[in-house]
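Beneath this line is the structure, given in C-alpha cells, with notes to follow.
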Amino acid sequence: MKGRISSLSMLYLAEVADAGSIRLAAERLFISPSALNRKILLLEEQLGAAIFKRAARGVTLTGAGEIMLAAARQTERNLATAISQVEALRGLKRGHVNFGTLTGFAEKAVPELLAAWRVSHPEVTFNFYAGNSRDIVQQVLEGRLDLGLCWDPPSSTPVRRVASADIPIGVAMQPDHPLAARKKVRLRECLEYAVVFPSRGMEFRTVLDRINIGIESRVTPAVEVNSIAALRQLALIGNDLVLITANSVIDEIEAGTIVLRPLEDPGCDLLKLSLFTKDSDSLPAVADVVIAGLERELGMIRERVAGIYSA
C-alpha cells in the first residue's frame, strides 16, 4: 500500500457507496464530481486495488471496496463513541443514536419514547428507522444502526441480544365470531371461514406456511396483506378471521373490540422479539437512553401478552 490513508478518504468512499454515484456524492459533499473522482482514484492507487466498478448508471463496490466500507463504518462508530465518552466526562448529555424497529412500533411506542427523550435529553439527536427485520438486522451489521428491535435474527448472526419477548401467533376475530368461544384454535378449524393471511416474506407467514400443509386441511387465504396496520384494521371492521401476532393487537384486545385465540398447531412456535446490537463496546454512551426505553417497552409487551392469555 502506498502512503497513509486519511480519514477524509474513508469519508469520501462511504459517501460514494451510499449514493451509488460519484455525481450524487459530490453534490452531498459540496465538491465537484471530477475532484471527488480524483480522490477515489488516489485511494485506489494507494490500495493497489479497485474500490468501485464504474458503469453508466453509477458505481458499485468491488470486494476490496466492501472491506474498506466496513472499515469506514467502524471508523465512524468509533469516532461517535469517543465523542460521546468525552462529552460524558464533561458532564454533558450530548450525542447521537441510530436505532431501528419494526414498523408497528413506529405508530405509537417509538414516537412516545422519542418525545420523552427529547425532554429529558434535549442535546441528544436521534435517527430512527422503521422497517422489516431483514433490513434492520442488515443495517445493524453494517454499522448504520447502533440498535435494532425486531424479530430475532438467526442464532448464527453476530449480534449481542440485550432483551427479548416471546410472542404467540393467533387468530383475531370479532367477539361474536363462532370461534371466539374457543380458548385455542387450530388452523384447520378455520377452513369453513374466510381467512386473512400476512403476505409471503413477512416473518410469521413462514411459520404459518409450515403448519398449513396437506390437501384437504390446507387453508387458502381469502386476502393476503403485507401491512400489520391493515391486518389489524381488517380484524376490527371485517367479519373474516385474521392471522396476526399478539403484540400487534394488544390495545384492541384489552379494549374488547376484538378477541385473539392462539394457534395450537404443532410447530407453531412462539416468535421472539429481540433488542440487539452488533458490538456493545462500540456503542455511543447515550445509547443507554434508547436501550433503557426499548427494554421497558419489551417488558410491558411481555406483561400485557401474558395478561391477555391468563384472563
Go over the candidates F52, F99 one by one and state the one that is surrounded by 13 or more Cβ atoms within 10 Å (Cβ to Cβ), aromatic (F, W, Y), free of Cβ contacts under 8 Å to residues at least 40 places away in the same chain and out of contact with any His (no Cβ under 9 Å at 6 or more places or on another chain). F52
Looking at region 60-69, is at least one residue touching a residue at least 24 places away in the same chain (Cβ under 8 Å), under 12 Å from P284 (Cα atoms) and within 26 Å of the chain's Cα centre (by Cα)? no
Counting only residues that are in a strand (DSSP E or B) and crowded, with 21+ Cβ neighbours inside 10 Å, how many does region 128-139 have? 0
If I go through region 38-63 residue by residue, how many of them are assigned to a helix (DSSP H, G or I) and either farther than 19 Å from L8 by Cβ or in contact with a Gly (Cβ under 7 Å, 6 or more places away or on another chain) (or both)? 2
Condition first: surrounded by 15 or more Cβ atoms within 10 Å (Cβ to Cβ) and either in a loop (DSSP other than H, G, I, E, B) or charged (D, E, K, R) (or both). Now tell me which residues in region 1-19 satisfy that. I5, E15
Answer with yes or no whether R77 is surrounded by 16 or more Cβ atoms within 10 Å (Cβ to Cβ) and in contact with a Gly (Cβ under 6 Å, 6 or more places away or on another chain). yes
Collect the residues in region 293-309 that are under 16 Å from I244 (Cα atoms) and within 19 Å of the chain's Cα centre (by Cα), keeping them in residue-number order. I301
Taking region 94-127, which residues are assigned to a helix (DSSP H, G or I) and under 12 Å from the mean Cα position of the chain (by Cα)? T103, G104, F105, A106
Inside region 265-290, can you point out the residues that are touching a Lys or Arg at 6+ places or on another chain (Cβ under 8 Å) and modelled with pLDDT of 90 or more? S274, L275, F276, T277
Matching entry among G104, G100 (being at pLDDT 90 or above, under 30 Å from N247 (Cβ atoms) and out of contact with any Asp or Glu (no Cβ under 7 Å at 6 or more places or on another chain)): G100
Across region 161-181, the tally of residues that are out of contact with any Cys (no Cβ under 9 Å at 6 or more places or on another chain) and surrounded by 15 or more Cβ atoms within 10 Å (Cβ to Cβ) stands at 12
Name the residue, out of L275, L283, that is in contact with a Leu (Cβ under 6 Å, 6 or more places away or on another chain) and either in contact (Cβ under 8 Å) with a residue 24 or more places away in the chain or within 29 Å of G148 (Cα to Cα) (or both). L275
Here are some residues: P33, P111. Which one is farther than 26 Å from S282 by Cβ and in the same structural domain as A287 (by TED's automatic domain parsing)? P111
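The values are calculated or read from the model by the stated rules, or taken from the named source; none is laboratory data. Note that the structure is a prediction, hence the values are computed from the model and not measured. Cβ: placed from backbone, ideal geometry, glycine included. Neighbour counts: every protein chain shown.
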